[in-house]
Amino acid sequence: MIGELMVGAGAVTASGYTYARRRRVRLYRELEGRLARISAAHAPDLRAIRQRAVPGFTDRLAVVTDLLPAEAFATLRAEAERLVGPERSFVPTHKKGGTVAYETLIGSAPAIVALYHSADLKGFISRVVGVGVEPTPIHDQSSLSVLVYDKPGDHIGWHYDHNFYRGRHFTVLIALANEGSAAGGLSHAELQARVAGREMAVSTAPNTVVVFEGARVHHKVTPIQEGERRLVLSMTYCTDPRAWWWQGVSRRLKDTAFFGIRALWT
Ligand SMILES: [Fe+2]
């Protein structure tokens, strides 16, 4: 009897999983169609960055100030400011801050999504890191997100960005807003990284782009203070965005910590 109940419960769980999985597959197929339409309709004019000189990348971290043309940047910033109700995440001792996920951005932030898929931006990042890169897949919640630091204490502790792909994996951050009482009117939320055996602080005034190989560069963001605000566009690119099956499982577990249990079905 108990054995039959267990078999029954197993069958219900398996069919529930299959149902949820099918729904996710359908959802992502639909999202990919929307992505192509968004990219076509909202592609930013980034021709100006084609000639932009790139810094060295020997330390696996590069900073470029004022990268985006003023008009494109203003559109992105306005779009990020309009986004409401970020999903609040709190992982003790690791990360505290708001995160607007890729799916939400596809529905409500076309300029941000089009920027991520822009051939000119992809070309620029490829020149910085010295190897051709592609956006990471739509089902990866870290591919594209807007990070919101607006509550005192919002921060991210020391960590590496895990690489869930076969190729090398790069994190690209674009500061969209950064206001506070630190030097230069910026917030106290500062990106710090251990580079070449020493800690360095990266100042991220609006329109500063930071490119780094997060799986190899230990980094953190210091806490923001009362009345301060920092909005960051976070993107990931990869030299080969295919994943081995165990890498997919690890990614889903990590996404769960950041975005809740629904990430298990992506
Ligand atoms: Fe990170």
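Shown for segment 103-210: the carbon plus sulfur share of the solvent-accessible area, taken with all protein chains present and a 1.4 angstrom probe, equals 53%. In summary, the aspartates and glutamates within cross-link reach of Lys220, defined as a Cα separation below 17 angstrom excluding same-chain residues under 8 places away, comprise Asp59, Asp150, Asp154, Asp161, Glu190, Glu199. Among the protein heavy atoms, those of Ser15 account for about 70 Å² of accessible surface (1.4 Å probe, every chain in place). In terms of accessible area, using a 1.4 Å probe and ignoring ligands and nucleic acids, His188, His169 rank largest first as His188, His169. Phi-derived couplings, Karplus 6.51 cos²θ - 1.76 cosθ + 1.60 at θ = phi - 60°, listed residue by residue for segment 111-123: 5, 5, 5, 5, 4, 4, 9, 5, 5, 5, 5, 4, x Hz, with x used for Gly and Pro.
The values are calculated or read from the model by the stated rules, or taken from the named source; none is laboratory data. These numbers come from a predicted model, not from an experiment. Ligands, DNA and RNA are stripped out before the accessible areas are found, and what is left, the full protein with its side chains, is counted by its heavy atoms. Shrake-Rupley method; radii C 1.70, N 1.55, O 1.52, S 1.80 Å.
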